[in-house]
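Student: Please see the structure below; I have some questions.
The values are calculated or read from the model by the stated rules, or taken from the named source; none is laboratory data. Fair warning: this is a prediction, and the values are worked out from it, not measured in the lab. Please note: Cβ atoms are built from the backbone with ideal geometry, for glycine as well, and neighbour counts cover all protein chains shown. To get the accessible areas, we keep the full protein, side chains included, count just its heavy atoms, and leave off ligands, DNA and RNA. Shrake-Rupley method; radii C 1.70, N 1.55, O 1.52, S 1.80 Å.
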Amino acid sequence: MPNISRRHALLAAASLMAVPALASRAVSQSRPVLKVGLGPQQPTQSDTRRVWEPIYKLVADKIGADLQLTVANDWAGIATALANEQIDIAQMGPWGYVIAKVRGEARIINTMLVNGLPTYKAIIVARPGLALSKFPDDAKGLSMQMLDVGSTSGWLVPTHFLKGRGIDPRSFFGRYAEGASAAAAQMATINGQVDLATGWDTHRNTMIRNGTIKDTSNTVVWESEPLPNECVVVSRGFAEERAKQFQAALSGLTEAEKALLPWPYNGFVSATHAAYQGLETMGRELGAIRAS
């Protein structure tokens, strides 16, 4: 009997000694998971993941979380995922953010900087050799390739520009299509598959810098006024305290950490909806979002 009691005592002691180790292991395995989604910013989904995963992993580590990263097929898709709370955080286009705000009460936390500026421009490019002395007047009957309807520069802004001049793109252009990726639209003009295509200056400049195209491969025939840049947005149910931590981590990147960002992005600043209100107005005027 004494031997049995002694054995029980030793087992109990061993169990107590194991508790701290088990507790420590549980803590290390209980870090929250941040579900981050990216819009199709780079030419391919794998390119987008490759250039952005390092910075988001770094920021997740800073706030004590693990990263689960996904890349959307199109700009509309990332807005829908955020509005439906399938992801916690999205790096997305400005129009996609507006859609997610209106439909799902998503909240903006940061604007991305391009060469130190929180703005970029929508563009329309023409195939090589196509001379247009006056756009859009001289473009009637030409073929036009737009990006998907969730794209700011590839659909919202050029459509608003054209309709503001009494032009319905679907009837004005001889062949009109939506839904291409930004890279595919650029290449379609270069290869002579279409006369015109929409896009944005940051993306085209990146393709030029990477050697994918030359600055003479096609011609910019129209550009918008400066637009608020791509942004980082959190879902409706994402905790406010955690959102502020993530916002501060992005805004507070050191110069060495900023070196992880793909050219020409070089930082983040805290943001509110005010700079994006003009895009929301465009969307309402086009009937793309309902008046509230």
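Student: Any idea how far apart residue 191 and residue 277 come out in nm if each label point goes 7 Å out from Cα toward Cβ?
Tutor: Placing both labels 7 Å beyond Cα along the Cβ direction yields 4.4 nm.
Student: Shifting gears a bit: For the modelled label position 7 Å from the Cα of residue 50 along Cα-to-Cβ, which residues of region 192-215 have backbone nitrogen atoms closer than 16 Å?
Tutor: 206-213
Student: Using the Kirkwood formula over every pair of different C-alpha atoms, what hydrodynamic radius in Å results for region 137-292?
Tutor: On the way: mean 1/r = 0.0560 Å⁻¹.
Result for region 137-292 stands at 17.9 Å.
Student: Could you tell me the calculated FRET efficiency between residue 269 and residue 216, based on Cβ-Cβ distance and R0 = 35 angstrom, to the nearest 0.05?
Tutor: Values: r = 34 Å, r/R0 = 0.97.
For residue 269 and residue 216, the calculated efficiency is 0.55.
Student: Can you give the Kirkwood hydrodynamic radius for the chain, in Å, rounded to one decimal and based on Cα pairs?
Tutor: 20.9
Student: Which value, in Å to one decimal place, does the Kirkwood hydrodynamic radius take for region 51-108 when every pair of different Cα atoms is included?
Tutor: 12.0
Student: With all protein chains present, calculate the accessible area of residue 195 using a 1.4 Å probe and round the result to the nearest 10 Å².
Tutor: Result for residue 195: roughly 30 Å² accessible.
Student: If you don't mind, there's one more thing I want to ask. What do you reckon, how do 143, 30 stack up by accessible area (1.4 Å probe), largest on top?
Tutor: Order by accessible area, largest first: 30, 143.
Student: If contacts are Cα pairs under 8 angstrom and at least 6 residues apart, what is the relative contact order of the chain in percent? The partial results should precede the final answer.
Tutor: Values: 523 pairs, mean separation 74.1, N = 292.
In percent, rounded to a whole number, it is 25.
Student: Now for a different question. With the Cα gyration tensor of region 192-262 giving a ≥ b ≥ c as the square roots of its eigenvalues, does the rule (a/c under 1.5 for rounded; else a/b larger than b/c for prolate; else oblate) give rounded, prolate or oblate? Display every interim value, and only then the final one.
Tutor: On the way: a/c = 3.34, a/b = 1.98, b/c = 1.69.
Note, shape of region 192-262 comes out prolate.
Student: Pop out the ³J(HN,Hα) list for region 220-232 in order, Karplus 6.51 cos²θ - 1.76 cosθ + 1.60 with θ = phi - 60°, rounded to Hz; leave Gly and Pro as x.
Tutor: 7, 9, 7, 9, 7, 5, x, 10, x, 6, 3, 9, 10
Student: For residue 63, project a label point 7 Å along Cα to C-beta. Then give me every residue of region 251-292 with its amide nitrogen under 14 Å of that point.
Tutor: 251-253, 269-271
Student: At a Cα cut-off below 21 Å, give the lysines reachable from residue 163, other chains included and same-chain residues fewer than 8 away excluded.
Tutor: 121, 134, 140
Student: Regarding region 69-172, what's the average projected area of the Cα-atom convex hull, expressed in nm²?
Tutor: 8.7
Student: As I understand it, the value is the acute angle between the Cα axis of helix 94-104 and the longest principal axis of the Cα atoms of the chain; what does it come to in degrees, rounded to 10?
Tutor: Relative to the chain, helix 94-104 is tipped by roughly 60 degrees.
Student: Continuing with this model, one more query. Using 0.36 nm times the number of residues separating residue 248 and residue 73, minus their current alpha carbon distance, what extension gain do you get? All intermediate terms of the calculation are to be shown ahead of the outcome.
Tutor: Numbers: separation 175, 0.36 × 175 = 63.00 nm, distance 2.85 nm.
The span from residue 248 to residue 73 would gain 60.1 nm if fully extended.
Student: First measure r as the distance between the Cβ atoms of residue 284 and residue 137, then evaluate 1/(1 + (r/R0)^6) with R0 = 35 Å and state the FRET efficiency to the nearest 0.05.
Tutor: Once the sixth-power term is evaluated, E becomes 0.80.
Student: Let me ask another. With the other protein chains left in place, how much accessible area per residue, in square angstrom, belongs to the chain at a 1.4 angstrom probe?
Tutor: 48
Student: Also, I was wondering about something else. Pairs of Cα atoms under 8 Å, at least six residues apart: use those to get the relative contact order of region 138-224, whole percent. Please list the in-between numbers first.
Tutor: On the way: 108 pairs, mean separation 30.0, N = 87.
About 34 percent, as a whole number.
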